[in-house]
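One structure below.
The values are calculated or read from the model by the stated rules, or taken from the named source; none is laboratory data. Small disclaimer: the values here were computed from a predicted structure and weren't measured. Neighbour counts run over all protein chains shown; Cβ positions are idealised from the backbone, glycine included. Note: accessible area is taken over every heavy atom of the protein model, side chains too, but ligands, DNA and RNA are not part of it. Shrake-Rupley method; radii C 1.70, N 1.55, O 1.52, S 1.80 Å.
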Amino acid sequence: RLFDLDPDLLPLFQYNCKQFASPQECLSAPEFLDHIRKVMLVIDAAVSHLENLSCLEEYLCNLGKKHQAVGVKVESFSTVGESLLYMLEKCLGTAFSPDVREAWSKLYGAVVEAMQRGWETLPEGD
């Protein structure tokens, strides 16, 4: 779904300087699947620390800095969020109520806001 929403994100996923020729090639690469597992670990950590997301602040800020360093734009996280909500809706079916959608949107938004603070803490010229 991610590459359907924004095909321009494909070049951001390069492993060992290899450019993927198609979204399908990227989606089947072990490195990409590992990246997805890492994304889900971040989401899992956020869910596990729902009552105290601030304990993840430093980690998420640093994660934001890493993403900026490889050329990810803050706006791209909206597309990732849309893809996450799409996947949850497909997996949960009717259990994905408007309240559930709102809760996931808020959680994801809090994660992105913390990562975005990593952009904001970079010194000028970096």
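Summary of values
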item: Solvent-accessible area per residue, Å², over the chain with all protein chains present [probe radius 1.4 Å]; result: 65
item: Helix-only CD estimate at 222 nm, as mean residue ellipticity for the chain, using -39500 (n - 2.57) per DSSP H run (n ≥ 4); result: -20500 deg cm²/dmol
item: Heavy-atom accessible surface of the stretch 11-119: percent carbon and sulfur, 1.4 Å; result: 59
item: Mean separation of Cα contacts under 8 Å, 6 or more apart, over the residue count of the chain: relative contact order %; result: 31
item: Peptides 46-55, 60-69 ordered by average Cβ neighbours within 10 Å, highest first; result: 60-69, 46-55
item: The chain, dipole about Cα centre (Lys/Arg Cβ +1, Asp/Glu Cβ -1), debye to the nearest 20; result: 280
item: Dipole of the chain, positive end: most advanced residue of H35, G71, L50 [Cβ charges, Cα centre]; result: H35
item: Karplus 3J(HN,Hα) series, Hz, for the stretch 68-80 with 6.51 cos²θ - 1.76 cosθ + 1.60 (x for Gly, Pro); result: 5, 4, 9, x, 6, 9, 3, 4, 5, 5, 5, 5, 4
item: For A29, distant residues with modelled amide H under 5 Å away; result: none
